[in-house]
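Data first, discussion second: the structure below is written as structure tokens.
The values are calculated or read from the model by the stated rules, or taken from the named source; none is laboratory data. This structure is a prediction, so every number in the text was calculated from the model and none was measured. Counting neighbours? That spans all protein chains shown, and the Cβs are built from the backbone with ideal geometry, glycine included.
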Amino acid sequence: MKFTSASLLLGALAMAACDSKTATLGESATSSATLEAAPAAAGTSGTQATASAEANVAPAPDPRSIPAASSGNAAAILARPQVPILCYHQIRDWTARDSKGAKDYIIPVAQFKAQMQMLADSGYHTISPDQLYAYMTTGAKLPSKPILLTFDDTDLDQFTVARPTLEKHGFKAMYFVMTVSLGRPRYMTKAMVKQLSDEGNVIGSHTWDHHNVKKYQGKDWEIQIEKPTKTLEEITGKKITYFAYPFGLWNPQAFPELKSRGFVAAFSLAEKRDQNDPMFTIRRIIASGYWTPRTLHNNIKQSF
């Protein structure tokens, strides 16, 4: 498939509104407060966590080491309470050019910092996708009040604003990188992506230029998935096993394609999970730029 300058422009514009929905209740959810508590991994808890809650934790296993029989048990996975997962895009102050709809995907700097402070003060512990995978497939224990923070589209402010803010609270995150934008103005460089990975964050694949997965044909899987994922592996020196759908859009036909290319899970947005393969439709909610910390807290409680 050949990509024209128009398609590249479309991909760039899509980054201002990566996904199709803000937070909704989606499927019937169970409060994450019922998750079994366990000590948090060192360096991943908020400012209110005690030292004893962070000690002597075994690292999450490599997802590829978990038996297929466990990861394939859809009924057991769907029965477990969902872990809150937040999705962020741009972190910058609004401008006069920003539309009302775009502001859902653009969170002002002070608002983002206030949201992270709320998570820390509320006792949330950030977890890695490997911890999430182990919990979902085997019921492995998680820290009290677990949460996964994710960032889409490779925006520069995720490095210059989000990174130091998360470090302040001892938080780690997952960054879904779209490789077409690497090194371009207002986007992260390869060196920044590697630094995030080296510092204990997880890098995931988010296609080459944000092309809708539901429209893939022929060479699209190679252009949009295989090549950019290989690029990310070369940058980080690590295997890339997690994927996020552009716009949050997916179809069941994508699951075997992703699995055959080494992915163990994929992230969508607030719609219901696939009942046969929930690991490839893991729910997230967009943390809207309109939300105060209190509103975010309420949406976390209501949506998961």
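Evaluation of Asn299 against the conditions (1) modelled with pLDDT of 95 or more; (2) polar (S, T, N, Q); (3) in a loop (DSSP other than H, G, I, E, B) shows that the sole unmet condition is (3). Of the set (1) surrounded by fewer than 16 Cβ atoms within 10 Å (Cβ to Cβ); (2) modelled with pLDDT under 95; (3) within 23 Å of Leu269 (Cβ to Cβ); (4) not hydroxyl-bearing (Ser, Thr, Tyr), all apply to Lys214 but (2). Residues in region 113-120: is at least one part of a loop (DSSP other than H, G, I, E, B) and either modelled with pLDDT under 95 or of a type in the set (Gly, Ala, Ser) (or both)? Within region 113-120 (the criterion being part of a loop (DSSP other than H, G, I, E, B) and either modelled with pLDDT under 95 or of a type in the set (Gly, Ala, Ser) (or both)), the answer is no, since none of the residues qualifies. I need a count of the residues in region 121-141 that are assigned to a loop (DSSP other than H, G, I, E, B) and either among the aliphatic types (A, V, I, L, M) or touching an Asp or Glu at 6+ places or on another chain (Cβ under 6 Å) (or both). The qualifying residues number 3.
For region 219-240, state whether one or more residues are in a loop (DSSP other than H, G, I, E, B) and surrounded by 16 or more Cβ atoms within 10 Å (Cβ to Cβ). Spell out the reasoning first.
Filtering region 219-240 for residues in a loop (DSSP other than H, G, I, E, B) gives 219, 237-240.
Pick out the ones that are also surrounded by 16 or more Cβ atoms within 10 Å (Cβ to Cβ) and you get 240.
For region 219-240, residues in a loop (DSSP other than H, G, I, E, B) and surrounded by 16 or more Cβ atoms within 10 Å (Cβ to Cβ): present.
Hey, any hits in region 156-163 for a residue that's in contact with an Asp or Glu (Cβ under 7 Å, 6 or more places away or on another chain), farther than 25 Å from Lys259 by Cβ, surrounded by fewer than 24 Cβ atoms within 10 Å (Cβ to Cβ) and not aromatic (Phe, Trp, Tyr)?
Going residue by residue through region 156-163, those that are in contact with an Asp or Glu (Cβ under 7 Å, 6 or more places away or on another chain) are none.
No, the conditions are met nowhere in region 156-163.
Every condition in (1) assigned to a loop (DSSP other than H, G, I, E, B); (2) under 18 Å from the mean Cα position of the chain (by Cα) holds for Trp291 except the one numbered (2).
Apart from one condition, Asp209 fits all of (1) more than 17 Å from the chain's Cα centre (by Cα); (2) surrounded by fewer than 21 Cβ atoms within 10 Å (Cβ to Cβ); (3) outside any helix (DSSP H, G or I); the exception is (2).
Condition check: among the hydrophobic types (A, V, I, L, M, F, W, C) and under 23 Å from Arg64 (Cβ atoms). Does Ile127 satisfy that? Answer is yes for this residue.
Which is modelled with pLDDT of 95 or more, of a type in the set (S, T, N, Q) and not in a helix (DSSP H, G or I), of Thr165, Thr150? Don't jump to the end; show me each part of the working.
Working: Thr165 fails: not in a helix (DSSP H, G or I).
Only one candidate passes the filter, namely Thr150.
Here the condition is being of a type in the set (A, V, I, L, M), surrounded by 15 or more Cβ atoms within 10 Å (Cβ to Cβ) and out of contact with any Lys or Arg (no Cβ under 9 Å at 6 or more places or on another chain); of Leu258, Leu182, it holds for Leu258 alone. When restricted to residues that are aliphatic (A, V, I, L, M) and surrounded by 24 or more Cβ atoms within 10 Å (Cβ to Cβ), region 110-131 contains 2. Residue count for region 250-288 satisfying the condition of being of a type outside the set (Gly, Ala, Ser), over 15 Å from Cys87 (Cα atoms) and part of a loop (DSSP other than H, G, I, E, B): 13. The residues of region 243-271 that are modelled with pLDDT of 95 or more and of a type in the set (D, E, K, R), listed by number, are Glu257, Lys259, Arg261.
Taking the criterion of being out of contact with any Pro (no Cβ under 7 Å at 6 or more places or on another chain), within 22 Å of Ile147 (Cα to Cα) and part of a loop (DSSP other than H, G, I, E, B), the residues of region 70-112 that qualify are Arg80, Pro81, Gln82, Pro84, His89, Tyr105, Pro108.
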